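The block underneath contains the structure these notes are about, expressed in structure tokens.
Derivation of every value follows stated rules applied to the coordinates shown; laboratory data play no part. Values in this document were obtained by computation on a predicted structure and should not be read as measured data. With ideal geometry, Cβ positions are generated from the backbone for all residues, glycine too; neighbour counts draw on all protein chains shown.
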Amino acid sequence: MSSGAAGSKPTGSSGCLARPSSCRWWSAKIAHSTQHTAHRPRPSASTRAPSATPTSASPLSVLIAALDEELAHLQDRELLRTLTTLEAVHGVTATIQGRRVVLWCTNDYLGLSQHPRLVRASADAARRWGVGARASRLLAGSTALHHQLEDRLASFFHAPSAVTFPSGYLANLGVLGCLLSPDDLVLVDRLAHASLLDACRLPRARVRVFRHNDVEHVAGLLRRYAKARRRLVVTEGLFSMEGDRAPLKDLADVAQRYGALLYVDDAHGAFATGHTGRGTPEVEGVAHGSMIYMATLGKALGCQGGFVVGHSKLIRLVHNRARTFIYETAQAPPIVAAAVEGLRVVQEEPALRESLAGNVERLHQRLGPDLGRSPSHIVPIMLGGTQRARRLAAGLFGKGIFAPAIRPPTVPAGTARLRLSVSTLHTAGQIEQLVRALSNSMSA
């Protein structure tokens, strides 16, 4: 699903400006808040919101004043983000503020976003179909390209059927919204992506958060809440901020033992990992058919969108019940055509994954055990404080490296970091440049 990689100034960071309830660090509080809401005391008269009274100020001016105060509060805590403009992009280098820098923060793991075959397929589709889809999928937006992509995704992941969405966030909201109700229980990893947390909470299901990758905690919660109508265990496959993998085999076994469903968001694992590119389940030796498998087209495949593969009846339910599918304009045909070609490239050019694996191994060896702790192409450099993370990011930018700081609420308070993401396009020289710059900046 998405990584939280919003842009920033070179000294800023990526993340969301959403309410805390929709962000990663808030997940640990969900269970507590849902258990105790009914017992909270009513606010006293002195703390209640003021009653509506006539005022000379317009509602919009009142809102702007409140927003100004909120933005100032973010600024005071060094949590205010601004967007960084990329003036040009070529592979893993970009021009920012007039200077050429190496990107260590993109999710273009296989370098497909500018692959000549995908660019050509997209241009050809634009000439034939136009640049937009013109309607939702249930009206006039479902082209032959959309069906071709879904058929190919289903075949690639050995599933009966597939459905695509304009983004991974919308895929999670739509599919989990179909499956959950107030009568259901959903267990979600405490470090799961914000889209999963939102998707679990919106249907008003009973949400309980389990400790990160703790299978025994999951088993205990499933035993405790045995009477729910439907029970789901929700996790990422490859965690977008930690770079570690979920223990999918153990989770699948526990879910099966207690009659629960396993839902896996493998946004960062699909196409980039596994011997054939079939993601974290392939790495962990788990069949995709043992879970509801969701991933994205906007990371390793270099395009845009999200998808879910599974039983044909699940996909038919999505067509009829998923609000983010029914009421959203379909993906643009040029993007869909590029994704179809990207799937071909993934299957026909395994050297891309091999090159990525080589770069990951090279970077981990050069960073050493203290820094290169994650086993994947996502490498968190844990720094703790927000100020330290911003200072390091600014120093690296001065050395030609763009790796924005990741701050709360994207990650829990006290765990600010740099999130390095490795691409098959990074060269040995660029990896060496990064390692030297990190070593010099962190020892200064």
Open item on the list: Which three extents, in angstrom, do the Cα atoms of region 115-348 have along their principal axes, listed largest first?
Closed with: 57, 37, 29
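For the chain, return all DSSP H helices satisfying: extent of Cα atoms along own axis at least 30 Å; mean Kyte-Doolittle hydropathy at least -1.0. Walk me through the numbers on the way to the answer.
Values: long enough: none.
Helices meeting the criterion: none.
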TODO: For VAL89 and GLU348, calculate 0.36 nm times their separation in residues minus their Cα-Cα distance, and state this gained length in nm to one decimal.
DONE: 90.7 nm
Open item on the list: In the chain, if the dipole is taken from +1 on Lys/Arg beta carbons and -1 on Asp/Glu beta carbons about the Cα centre, which of VAL254, ALA72, HIS319 is farthest to the positive end?
Closed with: ALA72
Open item on the list: Could you compute how fast region 371-444 diffuses translationally, taking Rh as the Kirkwood radius over C-alpha pairs and applying Stokes-Einstein at 10 °C with viscosity 1.306 mPa s? Give it in µm² per second.
Closed with: 126
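Let's see if you can work this out: charge +1 on each Lys and Arg Cβ, -1 on each Asp and Glu Cβ, no other charges. What is the dipole magnitude of the chain about its Cα centre, in debye to the nearest 20?
Result for the chain is approximately 960 debye, rounded to the nearest 20.
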TODO: May I ask for the Rg/Rh ratio of region 260-414, computed from Cα atoms with Rh as the Kirkwood radius, given to two decimals?
DONE: 1.02
Task: Charged-residue dipole, Cβ positions (Lys, Arg, Asp, Glu), region 115-348 about Cα centre, Debye nearest 20 - done: 780
Open item on the list: Report the rotationally averaged projected area of region 321-375 based on its alpha-carbon convex hull, in square nanometres.
Closed with: 6.8
- [ ] Mind pulling the per residue volume of the convex hull built on the Cα atoms of region 107-181? Å³ is fine.
- [x] 137
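Go ahead and estimate [θ] at 222 nm for the chain from helices alone: -39,500 (n - 2.57) per DSSP H run with n ≥ 4, summed, over the residue count, rounded to 500.
Using -39500 (n - 2.57) per qualifying helix, the result is -12000 deg cm²/dmol.
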TODO: Any chance you could list the semi-axes, whole Å, largest first, of the equivalent ellipsoid that the Cα gyration tensor gives for the chain, using √(5λ)?
DONE: 32, 30, 24
